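Scroll down for the structure; my scribbles are underneath it.
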Amino acid sequence: MSTNTVTNQNLFQRIRKLRERLGPNLRDRVVATLYRQAEEITSQVVQKNAAQRDLDTFIDNIVTSKILGLPLMLLMFSGVLWLTITGANYPSALLSKLLFGFEARLTAAFHSLNAPAWLHGMVVLGMYRTLAWVVSVMLPPMAIFFPLFTFFEDLGYLPRVAFNLDRFFKKAGAHGKQVLTMCMGFGCNAAGVISCRIIESPRERLVAILTNNFVPCNGRFPTLFAMAAILTGTLFGASHHLPATLFVTGIVISGIGITLIVSWLLSKTLLKGVPSSFTLELPPYRLPKIGTLLVRSVLDRTIFVLLRAVIVALPAGLFTWIFANQHLNGVSLLDLAAGGLQGFGRLLGLDGYIILAFILGLPANEIVLPILIMSYLSQGAMLELESITVLKELLLNNGWTWLTALNMSLFSLLHFPCATTLLTIGKETRNVKWTLLAAAIPTGVAIVVCFLVTQIAHLFNLV
């Protein structure tokens, strides 16, 4: 044994004994001492508004308390979802009527130019209808969700959310800042992946990247909202906003729970390591500036995400139309592919058309539901349905039950990221292996969860 090895061992032993003597909370005590000294120095040269400082402390004692912190966080998030669900219905229907009404003018223009039927089908029935669906179902919820989310962000509440959840992520072997990247994932998983740069540790940054997909992005919320309305309508006879809101909230909480479980598994297997600590300084509460809030939420987030979805959805709509209108022995390629996936889909409480819709929806999560509708109607084009009630009747006529709606929601929450997010993961990790794992891990989790839910439901004769 070399002299250097013996010296290093002695050094490590001395450090371990010193830590044992000083106690397990050494780092917290050091940080607390530094902040206390900084406050003493600051108080001698800076005058602060004592009332505002006392108010911030009073609020923090409530929103970050061990008893009220998490319930208040869930109540706030449920309120945001409730406002999004209830507020988006009317503008979404109005926008859908406007955009699909414009389709008649496009059709008339193609006829006046004597355009061939196949060209009209690809451009109008494939690309434009995809565009109309994506815009009508995405824009209203985003226009409500993003300003509300930005309001709480500018108010200074999101760091308190990170504070409340930090201990859970630390126990899962992840970094507390992953809470902030997870919050960004609610708007767009690709943006959430990019925001993982704030995590200094390469290991914990990779854990955050691989698990960011377990929170629903804005492209998956329309599907979750529709499934919530259908599920509550199936169970209660009519759709109610409160049960639908609670259902979506429960789905989101399930995603957070699975994020913690997968993070823990990764930290014990592929990405072994000890979670690093970080000091989170809670900023003072500030009333957001309306102008800045609208610019950030509308231009930087809503319009950005919408344009990304439109750019990806247009070629996807074209491909899907071609896939549905090419026939082999009198059967469309869409029906043939769905038939081949039927057995696998039934094992997960779904069907072949649902699995195929998710596969074809790889470019953008927003088009999964319209592809499914097109497949069920066998019209070879994406159709616009007048209301959730009509959609519910269509799905029930195709063998759906409450279990199908539940598994559709779970699979939508947990399945592979969209193409844009996968490309972003590839750029951030610069490694094909991690990019493939970022698709395989959530897909495997989605398959296992849906299979178990289906088997439990059949075991207890719930369907």
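The values are calculated or read from the model by the stated rules, or taken from the named source; none is laboratory data. These figures come from a predicted structure and were not determined experimentally. Cβ coordinates were reconstructed from backbone atoms using ideal geometry, including for glycine residues, and neighbour counts include every protein chain displayed.
Structure data summary
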item: Segment 84-129: number of residues that are in contact (Cβ under 8 Å) with a residue 60 or more places away in the chain and basic (Lys, Arg); result: 1
item: Whichever residue in segment 330-355 is modelled with pLDDT of 95 or more and of a type in the set (A, V, I, L, M) and, among such residues, is surrounded by the most Cβ atoms within 10 Å (Cβ to Cβ); result: ILE354
item: Of all residues in segment 417-435 being more than 19 Å from the chain's Cα centre (by Cα) and of a type outside the set (Lys, Arg), the one that is farthest from ARG203 (Cα to Cα); result: VAL432
item: Residues that are in contact with a Gly (Cβ under 7 Å, 6 or more places away or on another chain) and either at pLDDT below 80 or outside the structural domain of SER332 (by TED's automatic domain parsing) (or both), drawn from segment 368-381; result: ALA381
item: Residue count for segment 111-169, restricted to those that are at pLDDT 90 or above and within 18 Å of the chain's Cα centre (by Cα); result: 0
item: Residues within segment 387-440 that are under 19 Å from ARG308 (Cα atoms), surrounded by fewer than 18 Cβ atoms within 10 Å (Cβ to Cβ) and of a type in the set (Asp, Glu), tallied; result: 0
item: Identity of the residue in segment 58-86, in a helix (DSSP H, G or I) and small (Gly, Ala, Ser), that ends up surrounded by the fewest Cβ atoms within 10 Å (Cβ to Cβ); result: GLY79
item: Residues that are buried (at least 22 other Cβ atoms within 10 Å of the Cβ) and not in a helix (DSSP H, G or I), drawn from segment 356-374; result: GLY361, ALA364
item: Residue match in segment 183-201 (condition: in contact with a helix residue (DSSP H, G or I) (Cβ under 9 Å, 6 or more places away or on another chain), among the aromatic types (Phe, Trp, Tyr) and modelled with pLDDT of 85 or more); result: no
item: Checking GLY257 against (1) free of Cβ contacts under 8 Å to residues at least 12 places away in the same chain; (2) more than 20 Å from the chain's Cα centre (by Cα), the condition it does not meet; result: (2)
item: Inter-residue pairs, beta-carbon under 8 Å, first touching a residue at least 60 places away in the same chain (Cβ under 8 Å) and in segment 392-406, second part of a helix (DSSP H, G or I) and among the aromatic types (Phe, Trp, Tyr), 6+ apart; result: LEU395/TYR376
item: Inter-residue pairs, beta-carbon under 7 Å, first over 10 Å from TYR285 (Cα atoms) and in segment 49-62, second modelled with pLDDT of 80 or more, 6+ apart; result: ILE62/LEU68
item: Segment 291-329, subset among the hydroxyl-bearing types (Ser, Thr, Tyr) and under 14 Å from PHE146 (Cα atoms), residue surrounded by the fewest Cβ atoms within 10 Å (Cβ to Cβ); result: THR292
item: Any pair with Cβ under 9 angstrom, 6 or more apart, that starts in segment 262-274 at a residue that is at pLDDT 90 or above and ends at one that is surrounded by fewer than 17 Cβ atoms within 10 Å (Cβ to Cβ) and assigned to a helix (DSSP H, G or I); result: TRP264/LYS171
item: Single unsatisfied condition, VAL453 versus (1) in a helix (DSSP H, G or I); (2) among the aliphatic types (A, V, I, L, M); (3) more than 14 Å from VAL207 (Cα to Cα); (4) touching a Leu at 6+ places or on another chain (Cβ under 6 Å); result: (4)
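To keep it simple, each residue is scored yes or no on (1) in contact (Cβ under 8 Å) with a residue 60 or more places away in the chain; (2) under 26 Å from CYS450 (Cα atoms).
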| residue | (1), (2) |
| --- | --- |
| LYS289 | yes, no |
| ALA316 | yes, no |
| PHE323 | no, no |
| LEU328 | no, no |
| LEU334 | no, yes |
